[in-house]
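The values are calculated or read from the model by the stated rules, or taken from the named source; none is laboratory data. The structure displayed is predicted, hence computed values, not measured ones. Positions of Cβ are backbone-derived with ideal geometry, glycine not excepted, and every protein chain shown enters the neighbour counts. Heads up: the accessible areas ignore ligands, DNA and RNA and are worked out on the full protein's heavy atoms, side chains in. Shrake-Rupley method; radii C 1.70, N 1.55, O 1.52, S 1.80 Å.
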Amino acid sequence: VFAVHLLDEVFAERDQQDDTQQAAEEQASQWVAKPGCSEHNLALAADIVSKNWYSSHSDLTGEFADTPEFQWLYANCAQYGFILRYPEGKAQVPGVEYEPWHYRYVGQAAAQEIMAQNTTLEEYLEHL
């Protein structure tokens, strides 16, 4: 439901700017997958924030990276087999902007290697 709502918002915004449907879809794809096509739908990923996040925020934002919860998740996710899926400064590789809340399960060995190298899943898979 959230993905559909976000896509509709981006389409409406781009329409007001007289952009094409293709331009709107390209813009939206940097932030949200098409409904039914996300890692969440495949049960491979989860959005993780602190239990009190929504008491002061209405949505997921990059501000989560400034929290102690993010610092702990980032430092410890690999030992549980998770990676920060869309790391800062790597948007051009997976085609998705930085999301400090989005974690994907890849298994402990792969997660430790990916996180230690500060790389993306795509870069890791290219070198297998």
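For the reader, a short list of remarks on this structure follows.
- Per-residue 3J(HN,Hα) values for the stretch 100-105, derived from phi via the Karplus relation 6.51 cos²θ - 1.76 cosθ + 1.60 with θ = phi - 60°, read x, 9, 9, 10, 10, 7 Hz in sequence order (x marks Gly and Pro).
- Sorting 74, 103 by accessible area puts them as 74, 103; the probe is 1.4 Å, largest comes first, and only protein heavy atoms count.
- Ordering 121, 128, 44 by accessible surface, largest first, gives 128, 44, 121; the 1.4 Å probe counts only protein heavy atoms, with every chain in place.
- The phi torsions of the stretch 116-123, fed into the Karplus equation with coefficients 6.51, -1.76 and 1.60 and a -60° offset, translate into couplings of 5, 8, 6, 10, 9, 4, 4, 5 Hz, rounded to whole numbers, with Gly and Pro shown as x.
- When peptides 57-63, 107-113 are sorted by average Cβ neighbour count within 10 Å, with the highest value leading, the order is 107-113, 57-63.
- Whole-Hz couplings from phi, Karplus 6.51/-1.76/1.60, listed for the stretch 52-68; x for Gly and Pro: 9, 3, 6, 6, 10, 9, 9, 7, 6, 9, x, 4, 4, 5, 8, 9, x
- Signed unit charges on C-beta, dipole axis of the stretch 29-128, positive-most listed residue 68, 41, 98: 41
- Tensor-based shape of the stretch 48-116 (alpha-carbon gyration tensor, a/c under 1.5 rounded, otherwise prolate or oblate): oblate
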